[in-house]
Amino acid sequence: MEMRKNIGTKERVFRLMVAEVLFLGAFFWTATMWSIVLALIASVFLVTALIGFCPLYTVLRIDWSKDNASFTGKSLIGTSLFLLIILFGGGYASHFLTKKLFVEDFNTMNAFYKQTLFETGQEKRVESIKNYDALVSSFAQFQEKYATYRPFALRGDTEFVGDLDTVAILISGLRTEIESGNLKNAHLTLEKIRPITQEMFKRNGFSMLSIALVDFHDLMEQVLDPANAKDAVGVISAYPQANIALQTVEEIANDGEIQAIRANLEAIFKLAQEKNIEALPAKASELKSSFVKVYLVRG
């Protein structure tokens, strides 16, 4: 006996769309229990869409099968293309965005790492303790998130969790040295972290330029804010860290577009030194534009 359909054509298409979105969420955006839950719900939407029958509708005495318009050749092709766009376009976008978010999360944590590395290298005890505490907290959040959830770009990396554990051990073991003022040894230990994270990104096909650009962006904004406010002292204060971050970018790539960023950064710094505050906002806009031009294409 043939099963009586109780879902109309339009709803079946809608259920296919929902199933695709949920499968994308389960595969790219969630982990552990949530991934399983989304996949199960997506399976229900998919199966009911394919067979045209929903058991829950039978219980609730709902029958929308009258909305059973037939597809013309063009509408069938159009609907199929639309569903394929959601599936493959959504998959590509999810892969791209989850990778980007991972880099941003890493750079948020890495900013405290680099600041702690810098302060211990300068043997500034008070600043080292402050930034070390921030590093411990931010790395713990980073590790907690990515120990269970893995972006698709890192899903095949069998060494990833072990690398996070190694970095966690190195960071946690520094508290006594930093608080006691043994900053030289702490600095040397912190130096061991950089090659671990760099190797992690390289073996997973991440663009080191992209990572460096995101890192530079945050420090560049600390230059742009006082420049737009015509604050020469603020620009001079923020320049050294932005300069170091841009040097990292230049070590990876130093073509004409990167050189334009450097020229604009140096021009802002020179204007601030000369106390030519009226020209700062315009030059800040030029720096922003030169950065965006590179980041949109290569970041």
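If the requirement is being open to solvent by less than 40 Å² (accessible area, probe 1.4 Å), in contact with a Pro (Cβ under 8 Å, 6 or more places away or on another chain) and within 24 Å of Thr32 (Cβ to Cβ), which of these qualifies: Phe102, Phe106?
Values: Phe106 fails: in contact with a Pro (Cβ under 8 Å, 6 or more places away or on another chain).
The match here is Phe102.
Counting only residues that are at pLDDT 90 or above and among the small types (Gly, Ala, Ser), the range 5-25 holds 2 of them. Selection of the range 6-25 for residues being within 20 Å of the chain's Cα centre (by Cα) and not in a helix (DSSP H, G or I) yields an empty set. The lone criterion from (1) open to solvent by less than 70 Å² (accessible area, probe 1.4 Å); (2) of a type in the set (Asp, Glu); (3) more than 27 Å from Phe27 (Cβ to Cβ); (4) not in a helix (DSSP H, G or I) left unmet by Glu123 is number (1).
Look through the range 140-155, keep the residues that are touching a residue at least 12 places away in the same chain (Cβ under 8 Å) and assigned to a loop (DSSP other than H, G, I, E, B), and return whichever of them is least open to solvent (accessible area, probe 1.4 Å). If we take residues in the range 140-155 being touching a residue at least 12 places away in the same chain (Cβ under 8 Å) and assigned to a loop (DSSP other than H, G, I, E, B), then Pro151 is least open to solvent (accessible area, probe 1.4 Å).
Of all residues in the range 37-59 being among the polar types (S, T, N, Q) and closer than 23 Å to Ser80 by Cα, which is surrounded by the fewest Cβ atoms within 10 Å (Cβ to Cβ)? Working first, answer last.
Start the filter on the range 37-59 by keeping residues that are among the polar types (S, T, N, Q), which leaves 43, 48, 58.
Now restrict to residues that are closer than 23 Å to Ser80 by Cα: 43, 48.
On the way: Ser43: 14, Thr48: 21.
Among those that are among the polar types (S, T, N, Q) and closer than 23 Å to Ser80 by Cα, it is Ser43.
The values are calculated or read from the model by the stated rules, or taken from the named source; none is laboratory data. Just so we're clear, the structure is a prediction, and the values are computed from it rather than from any experiment. In this analysis, Cβ positions are derived from the backbone assuming ideal geometry, glycine residues included, and neighbour counts consider all displayed protein chains. We work out accessible area using only protein heavy atoms, side chains counted, and drop any ligands, DNA or RNA first. Shrake-Rupley method; radii C 1.70, N 1.55, O 1.52, S 1.80 Å.
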